[in-house]
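Shown next, in structure tokens, is the structure this report addresses.
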Amino acid sequence: MTDATINTDAQAPEAQFGDYVALLKPRVMVLVVFTAIIGLFAAPVSLHPVEAFAAILFIALGGGASGALNMWWDADIDAVMKRTSKRPIPSGRVTPQEALAFGLGLSGISVVMLGLATNWAAAGLLAFTIFFYVVIYTMWLKRWTPQNIVIGGAAGAFPPMIGWAAATGSVSVESVLMFALIFMWTPPHFWALALFMRSDYDDAGVPMLTVTHGRRATRVHILVYTLLLAALSLGLAATSIGGPVYLAAALVLNALFVRDAIRIWRRDEDASEADNFKVEKAFFKLSLLYLFLLFGAIGADTALGLGGLW
Amino acid sequence: MSFQEEHELHRRRFGRNLGLGLVLAAFIALIFGLTVVKVTQTPMPSVEEMSQ
């Protein structure tokens, strides 16, 4: 490299360490880490603390790697959307090639290390999750079908299943139910976001339900999925990972969640615009709390030895 | 041979290089910890088993 090229580089925005951390989507990682910890903790087999720490770390790293690959592929969309326009690639601080290499490298490291630290069933599930999020959701479904959120939501639902597999070496009914809980939660969560971030998805041409089927249909879909989610999450209370703490949390949270979904369903666009989507934003915030508290309740029942009492 | 004066590029990238260094050090510590756990958890074969 000559001095001339160094000087040219100096004029481009310089990537800092934080930009590479941002490629890993740390906010999404919080959900991945938390649900993976609960999956691992609720499993009937316990791991040595160092192994458990390594398992969670590499599951998080795998999730982060798929986030980096998602940002590499979606850089054109991110540049258009206000919410994502300051991400490292659209802002020019990280080149797409760097993000691709970073994502692929971390994917390989996270899968191999999870396999070595725990078992290859968990590593296989992590590899499949990365593949599903990057290839099935990001490259294929996201720009093609308004059901992108429904099917793509599976990628975010895998972490508790991987955590469970890291401890037990297998997949079981309980881990599938934890997967199903996040899978059913994802569509109403994102459709509420799409209702009040309307111009972003419209501008980017992403076929969100709000764009392809209209906002009325989206409100109906939110209600239907919320009712299905409520039935599923209440049913989970009767399994071996559900207990009294979970049942109490599920009753309260589902009552609130269904109430807000009905409010969204009953409102029209004029009412929403009049109060700047207050109900939709409240539903979105509640959805985050909903998932954290329900998984927290599974953890609480396990810690108190109350799981599977009925 | 004398030390060269630090290039401006190195100062600019100090934070990034320090971060990477710390991540690598933590990774080595984790591998070491995992190795110790795996080795101590694996039961040692008895002398009879080894001689068979």
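The values are calculated or read from the model by the stated rules, or taken from the named source; none is laboratory data. Remember, predicted model here, so these are calculated numbers, not experimental data. All Cβ positions, even for glycine, are placed from backbone atoms using ideal geometry, and neighbour counts span all protein chains on display. What goes into the accessible areas is simple: the full protein's heavy atoms, side chains included, and nothing from ligands, DNA or RNA. Shrake-Rupley method; radii C 1.70, N 1.55, O 1.52, S 1.80 Å.
Residue-by-condition table, conditions (1) at pLDDT below 90; (2) farther than 18 Å from A:H189 by Cβ:
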position	(1), (2)
A:M139	no, yes
A:V150	yes, no
A:A157	no, no
A:M161	no, yes
A:A167	no, yes
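Listed here are the residues, each with its yes/no results for (1) of a type in the set (K, R); (2) open to solvent by less than 30 Å² (accessible area, probe 1.4 Å); (3) assigned to a helix (DSSP H, G or I).
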| position | (1), (2), (3) |
| --- | --- |
| A:A127 | no, no, yes |
| A:V135 | no, no, yes |
| A:W140 | no, no, yes |
| A:P146 | no, yes, no |
| A:V150 | no, yes, yes |
| A:S170 | no, no, no |
| A:M184 | no, no, yes |
| A:D202 | no, no, yes |
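Only a single criterion out of (1) within 12 Å of chain A (Cβ to nearest Cβ); (2) farther than 30 Å from A:F53 by Cα; (3) open to solvent by 60 Å² or more (accessible area, probe 1.4 Å) is not satisfied by B:R12, namely (3). Before we move on, is A:L306 part of a helix (DSSP H, G or I) and of a type in the set (A, V, I, L, M, F, W, C)? Considered against the rule, which asks whether it is part of a helix (DSSP H, G or I) and of a type in the set (A, V, I, L, M, F, W, C), A:L306 comes out as no. All conditions in (1) in contact (Cβ under 8 Å) with a residue 40 or more places away in the chain; (2) assigned to a helix (DSSP H, G or I); (3) open to solvent by less than 20 Å² (accessible area, probe 1.4 Å) hold for A:V206, with the sole exception of (2).
Just one of the listed residues (A:L100, A:L114, A:L106) is assigned to a helix (DSSP H, G or I), among the aliphatic types (A, V, I, L, M) and either without any contact (Cβ under 8 Å) to a residue 40 or more places away in the chain or under 27 Å from A:L193 (Cα atoms) (or both), namely A:L100.
All of (1) hydroxyl-bearing (S, T, Y); (2) within 30 Å of A:P49 (Cβ to Cβ); (3) open to solvent by 90 Å² or more (accessible area, probe 1.4 Å) hold for B:S51 with one exception: (2). Reported count of residues in segment A:27-51, each being open to solvent by 20 Å² or more (accessible area, probe 1.4 Å) and within 14 Å of chain B (Cβ to nearest Cβ), is 6.
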